[in-house]
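Novice: This is the structure I want to talk about, given as structure tokens.
The values are calculated or read from the model by the stated rules, or taken from the named source; none is laboratory data. Worth saying up front: this structure is predicted, and the values here are computed from it rather than measured. Virtual Cβ from ideal backbone geometry, glycine too; neighbours counted across all protein chains shown.
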Amino acid sequence: MSLLRIVALTISDEVVRWASPGCKEWAEGLERETRVIESDWAALRWAIGSTRVLLDRRATPLRSLDEVPNATYKLLDGALVRSVGFLLFPMMDGLLFLHWFFVARSTFERAGSAIGVLGSVIAVTYLLMEWRRLSLIERRRLKETWKDYIYNDVVACARFYKEQLKRCDKLWIYSSSYLCWMLGKALYDHYDHVDMFTWVLFSAWMLFILLVMLLVKRHKLRRIAEIDVLLAERGICETEL
Amino acid sequence: MSFKMRRSPQTALVLAEFLSDEQQWRYGYDISRNTGLKSGTLYPILMRLAEHRMLKTSWETAETGRPPRHMYKLTKDGLRTARAMVSESTVQPAGEPAYEGVGL
């Protein structure tokens with residue numbers, strides 16, 4: 001076996017290994033093709049192209065409506081924990097801006113840090129409301145009747161799941177906070193010397209949060225599309241594909 | 001908001017390839033050779049088609065000494081959508097194949 005072939009097969013194997021659960025089958029399909037391509041260079045190019053699968057992070061797809069109740073439970077469990085966990089980000093940013101507010105030496109600095117605090121207040125208020133809503137659902141979940149309803153009527157459960165996915169998706173709230181934080185930081189630095197390191201670190205942190213939110217949003221849109229397809233298979237048209 | 005099927009020229013190319021022999025199960029590499037699309041472009045399209053239940057997948061029945069290959073075929077819905085999509089778009093031949101040589 002040539003060195004090129006060994007490299008191609010190694011890449012393919014690693015792609016299978018690191019592919020997300022929803023892409024595993026596809027990564028395996030790509031890997032099998034690498035093995036049947038005669039030309040070593042073509043096999044290497046194929047293997048390199050297959051690394052594209054690694055960028056696509058997706059959960060195991062829902063194959064039938066019967067899988068929806070468990071997915072619903074998982075979503076609610078995760079959402080409750082996340083709503084508390086995500087409180088940390090705006091709280092940390094809020095505390096930072098609050099500190100800047102008290103040490104501010106000019107009107108610009110004070111206005112900037114106040115806008116930053118406002119961004120945190122928006123995010124924290126929303127997350128607390130979300131936590132309260134999910135806690136109410138959690139209490140209902142503990143009742144056996146609700147559990148029966150979820151497992152016996154998968155169509156109703158699918159609609160409930162979709163509704164939850166849409167409700168959890170409030171990117172505009174976070175975007176407003178994000179804008180406040182960026183604007184606040186920009187104003188704060190206006191009359192002072194620009195501390196590049198802090199600014200880069202702060203921007204990178206904000207961009208990271210935004211990126212995570214966009215990925216979560218994409219995942220939710222995919223899930224909603226999957227449910228629409230599953231419902232359509234049962235003759236229930238929720239949305240046009 | 002829902003996740004819509006992207007109607008790119010590459011998607012039309014792949015669908016046209018499936019329509020060239022509707023009943024035949026196809027291998028990824030063969031589609032790649034015939035359409036000129038590279039694996040990194042082809043597979044996201046196949047994944048999207050499967051996501052919209054337009055494509056069904058299957059593992060080839062294993063022969064001794066050779067690992068089974070992944071095969072693809074359009075579903076009834078897929079065929080219907082493919083015919084409509086391909087007739088809407090002008091599908092140009094891809095020219096040079098992306099990869100050459102396949103062993104069985």
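Novice: Out of all the residues in region B:11-29, which are surrounded by fewer than 17 Cβ atoms within 10 Å (Cβ to Cβ) and within 14 Å of chain A (Cβ to nearest Cβ)?
Specialist: If the condition is that a residue be surrounded by fewer than 17 Cβ atoms within 10 Å (Cβ to Cβ) and within 14 Å of chain A (Cβ to nearest Cβ), then B:25 is the only one that fits.
Novice: Where residues in region B:44-62 are crowded, with 23+ Cβ neighbours inside 10 Å and touching a helix residue (DSSP H, G or I) at 6+ places or on another chain (Cβ under 6 Å), which of them is farthest from residue A:231 (Cα to Cα)?
Specialist: Out of the qualifying residues, it is B:55.
Novice: Name the single residue that is surrounded by the fewest Cβ atoms within 10 Å (Cβ to Cβ) among those in region A:204-227 being over 25 Å from residue A:22 (Cα atoms) and modelled with pLDDT under 80.
Specialist: If we take residues in region A:204-227 being over 25 Å from residue A:22 (Cα atoms) and modelled with pLDDT under 80, then A:205 is surrounded by the fewest Cβ atoms within 10 Å (Cβ to Cβ).
Novice: Using the structure shown, decide if residue A:230 is under 30 Å from residue A:65 (Cα atoms), at pLDDT below 75 and surrounded by 16 or more Cβ atoms within 10 Å (Cβ to Cβ).
Specialist: no
Novice: Could you please find all residues in region A:99-114 being assigned to a helix (DSSP H, G or I) and either in contact with a Lys or Arg (Cβ under 8 Å, 6 or more places away or on another chain) or within 22 Å of residue A:129 (Cα to Cα) (or both)?
Specialist: Within region A:99-114, A:101, A:112 meet the criteria.
Novice: Considering region A:29-88 alone, what residues qualify as being among the basic types (Lys, Arg) and in a helix (DSSP H, G or I)?
Specialist: Listed by number, the residues that qualify are A:32, A:35, A:45, A:52, A:74, A:82.
Novice: Would you pick out the residues in region B:15-33 that are touching a residue at least 40 places away in the same chain (Cβ under 8 Å), part of a helix (DSSP H, G or I) and within 10 Å of the chain's Cα centre (by Cα)?
Specialist: Within region B:15-33, B:15, B:16, B:18, B:19, B:28, B:29, B:30, B:31, B:32 meet the criteria.
Novice: With respect to residue A:6, determine if the residue is at the interface with chain B (Cβ under 7 Å from one of its Cβ atoms), farther than 12 Å from residue B:43 by Cα, β-branched (Val, Ile, Thr) and free of Cβ contacts under 8 Å to residues at least 40 places away in the same chain.
Specialist: Against the criterion (at the interface with chain B (Cβ under 7 Å from one of its Cβ atoms), farther than 12 Å from residue B:43 by Cα, β-branched (Val, Ile, Thr) and free of Cβ contacts under 8 Å to residues at least 40 places away in the same chain), residue A:6 does not qualify.
Novice: Out of (1) assigned to a strand (DSSP E or B); (2) under 22 Å from residue B:86 (Cβ atoms), the odd one out for residue B:58 is which?
Specialist: (2)
Novice: So which residues in region B:56-71 are of a type in the set (A, V, I, L, M) and at pLDDT below 85?
Specialist: Listed by number, the list holds a single entry, B:62.
Novice: Would it be correct to say that residue A:28 is of a type in the set (D, E, K, R) and within 23 Å of residue B:56 (Cα to Cα)?
Specialist: yes
Novice: Determine which single condition residue B:74 fails, assuming it passes every other condition in (1) within 12 Å of chain A (Cβ to nearest Cβ); (2) modelled with pLDDT of 90 or more; (3) over 21 Å from residue A:50 (Cα atoms).
Specialist: Going through the list (1) within 12 Å of chain A (Cβ to nearest Cβ); (2) modelled with pLDDT of 90 or more; (3) over 21 Å from residue A:50 (Cα atoms), residue B:74 breaks only (1).
Novice: Got at least one residue in region B:79-99 being surrounded by 12 or more Cβ atoms within 10 Å (Cβ to Cβ), closer than 21 Å to residue A:42 by Cβ, aliphatic (A, V, I, L, M) and modelled with pLDDT under 90?
Specialist: Yes, that holds for at least one residue.
Yes/no per residue for (1) more than 7 Å from chain B (Cβ to nearest Cβ); (2) crowded, with 16+ Cβ neighbours inside 10 Å; (3) under 23 Å from residue B:60 (Cα atoms); (4) in contact with a Ser or Thr (Cβ under 6 Å, 6 or more places away or on another chain):
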site	(1), (2), (3), (4)
A:27	yes, yes, yes, no
A:32	no, yes, yes, no
A:41	yes, no, no, no
A:45	no, yes, no, no
A:49	no, yes, yes, yes
A:52	no, yes, no, no
A:60	yes, no, yes, no
A:63	yes, no, yes, no
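Novice: Residue under question is residue B:55, and the condition is that it be within 12 Å of chain A (Cβ to nearest Cβ), within 15 Å of residue B:9 (Cα to Cα), touching a Gly at 6+ places or on another chain (Cβ under 7 Å) and not aromatic (Phe, Trp, Tyr); does it hold?
Specialist: No; evaluated as a whole, the condition is false for this residue.
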